[in-house]
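The values are calculated or read from the model by the stated rules, or taken from the named source; none is laboratory data. Keep in mind that this is a model prediction, so the values were computed, not measured. Positions of Cβ are backbone-derived with ideal geometry, glycine not excepted, and every protein chain shown enters the neighbour counts.
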Amino acid sequence: MCERTAIDVVINNAGYNPKDSVDKDYFMSTFKIERFSGENIARSLNINALAPTELTSKLLPSLADDAVVLNISSWLGSIGAKTGGGHYAYAGSKALLNMFTKAMGLEFAEGNRGAVALNPGWMRTDMGGARAKNTPEDVARAVLDLYEAGTLSENNGMFLNIDGSHHEW
Ligand SMILES: NC(=O)c1ccc[n+]([C@@H]2O[C@H](COP(=O)([O-])OP(=O)(O)OC[C@H]3O[C@@H](n4cnc5c(N)ncnc54)[C@H](OP(=O)(O)O)[C@@H]3O)[C@@H](O)[C@H]2O)c1
């Protein structure tokens, strides 16, 4: 009989942010109210919020009793800290991911599992561009440190920065 290994951490990292340099018309239809396209914005909602949450749901039977689900969010998903207009697809999808994280965290509160939304900060990736301060390696190290220090488990249902501080919802 083969023994099943439980999953300790799920990191939902894949994300999508439409770029004006790839398709200006598409980008504008996700960014500005004059050009708002629900059909186009749905792609971001699917990739950034619905798919990771559905994946997590499907993984539940394989999660350890004290597993942590880490949803990689963004400062742009914060409603309280929003200062710039528009950006409906990306900001809206990360705000939805934040709500789903909190909802899941409250469901998990009856047990020992945790769900945390994390703002990784500005990273030097395809999305973040070459001018970003942090490398993905730095951020991955910081995430591992948060997990190993127990900070993620202790902050079920919260929205954190990579230094473990709370980000405004
Ligand atoms: N970079 C930043 O400054 C920054 C800031 C705040 C938050 N974030 C968040 O950090 C996470 C990582 O972002 P990143 O900077 O690494 O972005 P990235 O350079 O654009 O990479 C995005 C990753 O997501 C995957 N992906 C996109 N759509 C997918 C789909 N439909 N199915 C499966 N995989 C898909 C891509 O896979 P392929 O390569 O196969 O397309 C790629 O590996 C994202 O959630 C992002 O929103 C990034």
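Miscellaneous remarks
- Meets criteria (more than 21 Å from T151 (Cβ to Cβ), within 16 Å of the ligand (Cβ to nearest atom) and not polar (S, T, N, Q)) for R4: no
- Considering F108, F100, the condition of being within 14 Å of the ligand (Cβ to nearest atom) and either among the aromatic types (F, W, Y) or farther than 17 Å from T151 by Cβ (or both) is satisfied by F100 alone.
- Note on the range 7-22: residues that are more than 18 Å from the chain's Cα centre (by Cα), within 16 Å of the ligand (Cβ to nearest atom) and either touching a residue at least 24 places away in the same chain (Cβ under 8 Å) or surrounded by 13 or more Cβ atoms within 10 Å (Cβ to Cβ) (or both) total 1.
- Yes/no for S62 being of a type in the set (G, A, S), more than 15 Å from the ligand (Cβ to nearest atom), farther than 30 Å from R4 by Cβ and more than 16 Å from the chain's Cα centre (by Cα): no
- Checking the stated criteria, T83 turns out to be more than 11 Å from the chain's Cα centre (by Cα), of a type in the set (S, T, Y) and either crowded, with 16+ Cβ neighbours inside 10 Å or over 19 Å from P120 (Cβ atoms) (or both).
- Residues of the range 79-97 classified as in a loop (DSSP other than H, G, I, E, B) and either within 13 Å of the ligand (Cβ to nearest atom) or not β-branched (V, I, T) (or both), total: 7
- Residue under evaluation I47, criteria (1) crowded, with 19+ Cβ neighbours inside 10 Å; (2) touching a Gly at 6+ places or on another chain (Cβ under 8 Å); (3) part of a helix (DSSP H, G or I), criterion not met: (1)
- Residue in the range 114-133 that is nearest to S74 (Cα to Cα), counting only those that are crowded, with 17+ Cβ neighbours inside 10 Å and within 13 Å of the ligand (Cβ to nearest atom): N119
- Of all residues in the range 27-44 being assigned to a helix (DSSP H, G or I) and out of contact with any helix residue (DSSP H, G or I) (no Cβ under 6 Å at 6 or more places or on another chain), the one that is nearest to the ligand (Cβ to nearest atom): R43
- Within the range 69-80, residues that are more than 9 Å from A95 (Cα to Cα) and at pLDDT 95 or above have Cβ atoms under 7 Å from residues that are surrounded by fewer than 24 Cβ atoms within 10 Å (Cβ to Cβ) and of a type in the set (S, T, Y) in these pairs: V69/T56, counting only partners at least 6 apart in sequence or on another chain.
- For the range 50-78, the set of residues classified as outside any helix (DSSP H, G or I) and among the hydroxyl-bearing types (S, T, Y) consists of S73, S74, S78, listed by residue number.
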